[in-house]
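Notes follow the structure.
The values are calculated or read from the model by the stated rules, or taken from the named source; none is laboratory data. These figures come from a predicted structure and were not determined experimentally. Reconstructed Cβ throughout: ideal geometry from the backbone, glycine too, with neighbour counts over all protein chains shown.
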Amino acid sequence: MDVPEEDDYYYHENISLNFSYDDYPALCEKADIRSFAALFLPIMYTVCLVVGLAGNGLVVTVYAYHKRLKTMTDAFLTHLAVADLLLLFTLPFWAADAARGWELGEVVCKVVSACYTVNFTCCMLLLACISLDRYLALARVQGRDRRGWLQRVFSKRHCWKVCSVVWVTAFMLGLPDLIFSEVRGTSNRNFCLAIYPPSMARGGKAVLEITEVLLGFLLPLLVMVICYWSVGRALQGLPVESRGKRWQALRVLLIVVGVFVVTQLPYNILKVYRVMDSVYVLVTHCGMSKVLDKAAQVTESLALTHCCLNPILYTFVGSSFRQHMTKVAKRFGEMRRKRRQRGENPAEEEGMEMSFNTHSASQTTNTFSI
């Protein structure tokens, strides 16, 4: 974030604050915005943290138990859950920052800021990968495009390469936060924010923000719409007797795209407006500045809720994941039963053991399957 030192108020957001009070005839007092952030952001971040940890933690636990992931989508979902968790772990720092100011030093400020951007971007890119993999899986079933380069890249053999490209791309977008984030203070509190050098004050910063919007929103949205539109058209060709399953699958696709648009569109529109303001100085009124500040807090919190919804949208709805989860639950239940029986009957034979981890090698069911 790039905020002049004479500004009355700072708060954390993953976008830049681009206005300058030098343009105003008097100082823009923002005590009310500070009070709103100190109450609203900790509550929202706490809710996201609790719900997100429960859902994504369960996903990581189940997939860690089943060490061999069956499909590309399973691998993408595991990486998505890890990225969600790493993003959620930064929220307590920003909640404390909003409530009391930054008190953890500049090194932690840099690391947490970069971690926020890296994992947020990584989550969005992984959603695009999941959409593309679902489309390519359908193409393989229909016998189309078997030798295309995308089919070759999105194969289990190259899965780690695709995931590495996603993480490296996200890390590159997080480098500016790692380099430029600093702790700046006022008379009564410190703030963690990105301070860009004068040479990047407008043009360079605008390019970085637009790149985040392109890779973190427009590209995933475009891939999701194209891929799921193609899948939807294929579902329309199913026989009449499969109408119920067809509608259920289409409804899942619509919900996935709709939730993505509802949670991410307002946040990215505001980011684009901030970029335009940094170049053309659109905000010249204190009241408008306060409205944008409050809107930034609300829209960013809304965008973060997608981390909580990912397990529900992409994992829990899949029959494969429910089967994995049932096996894990049965396995732990069996282990507890055996420990209890050993305590009651020490001489009981220990050779009898039931395995709940069998899985047919020919099974190709995906966690998020159409």
message = Can you find a residue that is under 19 Å from Ile130 (Cα atoms) and either in contact (Cβ under 8 Å) with a residue 40 or more places away in the chain or out of contact with any Leu (no Cβ under 9 Å at 6 or more places or on another chain) (or both) anywhere in segment 198-206?
response = no
ask   = How many residues does segment 291-335 hold that are over 13 Å from the mean Cα position of the chain (by Cα), modelled with pLDDT of 90 or more and of a type in the set (Ser, Thr, Tyr)?
value = 1
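Pick from Tyr65, Tyr116, Tyr45: which is touching a Lys or Arg at 6+ places or on another chain (Cβ under 8 Å) and at negative phi?
Of Tyr65, Tyr116, Tyr45, the one residue that is touching a Lys or Arg at 6+ places or on another chain (Cβ under 8 Å) and at negative phi is Tyr65.
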query = Of the numbered conditions (1) farther than 16 Å from Pro220 by Cα; (2) out of contact with any Ser or Thr (no Cβ under 9 Å at 6 or more places or on another chain); (3) at pLDDT 90 or above; (4) not aromatic (Phe, Trp, Tyr), Ser131 satisfies every one except a single condition; which is it?
reply = (1)
note = Scanning segment 48-63 for residues that are touching a Cys at 6+ places or on another chain (Cβ under 8 Å) and among the β-branched types (Val, Ile, Thr) gives Val51
note = Condition set buried (at least 20 other Cβ atoms within 10 Å of the Cβ) and of a type in the set (Val, Ile, Thr), scope segment 54-81, selection farthest from Ala38 (Cα to Cα): answer is Thr71
